[in-house]
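I'd like to ask you about the structure that follows.
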Amino acid sequence: MNERPGFALITGASRGIGQAILERLGADGFTLVGTATSAAGAGLISERLAQRGWPGAGWALDLGRADASVLEETVHGFEGRFGPIRVLVNNAGIARDDLLLRMSEEAWQSVLEIDLSAVFRLTRVCLRTMLKERQGRIINMASVVALSGNPGQVNYAAAKGGLLGFTRSLAQEVGSRGITVNAVAPGFIDTDMTRQLNSKQRETLIERIPLKRLGTAADVAACVGFLASGGAGYITGETLQVNGGMYMS
């Protein structure tokens with residue numbers, strides 16, 4: 001892409017993989033806006049950016065409650081401060097695991113709302129500037145379970161599987177305007193969630209992975225950094241799997 005003023009917007013950036021993506025894109029020279037559901041999370045993002053001397057801001061944004069008008073106002077406000085958006089990383093997501101026969105309607109709907117419908121709404125707003133600028137990178141965070149499936153996660157797998165179809169279709173719609181759309185599908189990553197497993201559960205999990213270790217948030221962030229870079233300018237509609245060989249296609 002041509003060098004122009006602009007910023008990278010990362011949702012769910014206060015911890016875990018989102019925080020690592022923020023760190024990676026900041027090191028790569030992007031102006032950063034990271035969202036968090038709470039004001040406290042947004043404050044942590046702002047503090048992190050200030051400590052490193054990186055331009056940008058943290059922002060409290062509940063994607064499950066924000067309608068199109070709120071998102072338009074928010075993104076336009078960012079662009080007024082930081083210039084046109086260049087990179088959108090749809091990272092925010094939730095999981096509400098249960099077996100299908102026990103899964104509530106609310107657990108189904110809430111996961112589909114945050115992990116898929118909110119991506120549609122935010123991407124639609126950000127895409128308008130990218131189309132005008134004739135450049136942009138959209139990177140959607142999926143999951144290995146979108147490809148392999150996983151018992152107890154039919155809602156999560158359905159949402160992330162839908163995200164892969166969204167990625168491929170949108171890539172075909174906007175490629176002629178210099179915009180790439182790709183997905184990253186992490187496997188089991190060493191985060192707060194996997195650290196709650198006991199040693200036996202972790203050993204069983206690692207046995208399923210050819211590289212014999214959990215991934216790190218930095219492993220995932222490195223792939224996002226690549227897809228956001230000029231070096232990935234001829235890659236679109238793809239899903240980059242980061243799972244240590246646990247699932248191969």
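The values are calculated or read from the model by the stated rules, or taken from the named source; none is laboratory data. Quick caveat, the model's predicted, so the values are computed rather than measured. When we count neighbours, we look across all protein chains shown, and the Cβ atoms used for this are built from the backbone with ideal geometry, even at glycine. When the accessible area is computed, the model is the full protein with side chains, heavy atoms only, and any ligands, DNA or RNA have been set aside. Shrake-Rupley method; radii C 1.70, N 1.55, O 1.52, S 1.80 Å.
List the residues, sorted by chain then number, that are 5 or more residues from GLY56 or on another chain and whose placed amide H is less than 5 Å from its amide H.
Long-range HN contacts for GLY56: LEU32.
Now for a different question. Just want to confirm a number: the relative contact order over region 66-213, from Cα pairs under 8 angstrom separated by 6+ residues, in percent.
On the way: 172 pairs, mean separation 36.8, N = 148.
After rounding, I find 25 percent.
Under unit Cβ charges (Lys, Arg +1; Asp, Glu -1), what dipole magnitude, rounded to 20 debye, does region 55-96 have relative to its Cα centre?
200 debye
Among all the lysines, which ones have a C-alpha under 23 Å from LYS212's C-alpha, if same-chain residues fewer than 8 places away are not counted?
LYS200
Where nothing but the Cβ of Lys and Arg (+1) and of Asp and Glu (-1) is charged, how large is the charge dipole of region 118-162 around its Cα centre, in debye to the nearest 20?
Values: 7 positive and 1 negative charges, 57 e Å.
Dipole size: approximately 280 debye.
Also, quick follow-up: Along region 49-58, what does the Karplus equation 6.51 cos²θ - 1.76 cosθ + 1.60 (θ = phi - 60°) give for ³J(HN,Hα), rounded to whole Hz, x for Gly and Pro?
Values per residue, Gly and Pro as x: 5, 5, 4, 8, x, 8, x, x, 6, x Hz.
Another question, if that's okay. What number, in percent, do you get for the relative contact order of region 1-112 if the mean sequence gap of Cα pairs under 8 Å and at least 6 apart is divided by its residue count?
In percent, rounded to a whole number, it is 31.
Considering only protein heavy atoms and a 1.4 Å probe, what is the carbon-and-sulfur percentage of the accessible area of the chain?
52 percent
Along the charge dipole of the chain, which of THR194, VAL242, SER148 sits closest to the positive end, that is, farthest toward it, with unit charges on the beta carbon of Lys, Arg, Asp and Glu (+1, +1, -1, -1)?
VAL242
What dipole magnitude, in Debye to the nearest 20, does region 26-97 give about its Cα centre under +1 on Lys/Arg Cβ and -1 on Asp/Glu Cβ? Don't skip to the answer; put the middle values down first.
On the way: 6 positive and 8 negative charges, 45 e Å.
The dipole magnitude comes to about 220 debye.
If one computes the Cα centroid of region 29-84 and of region 122-144, what distance in Å separates the two points?
If we compute the Cα centre of each part, the gap is 16 Å.
Let me ask another. Could you derive backbone 3J(HN,Hα) for region 115-123 from the dihedral phi with the Karplus parameters 6.51, -1.76 and 1.60 (θ = phi - 60°), listing whole Hz in sequence and x where the residue is Gly or Pro?
7, 10, 5, 5, 5, 4, 5, 5, 4
Taking a quarter of the surface of the Cα convex hull of region 48-176, what do you get in nm²? Working shown, then result.
Numbers: hull surface 37.0 nm².
Computing the convex hull of the Cα atoms and averaging its projections yields 9.2 nm².
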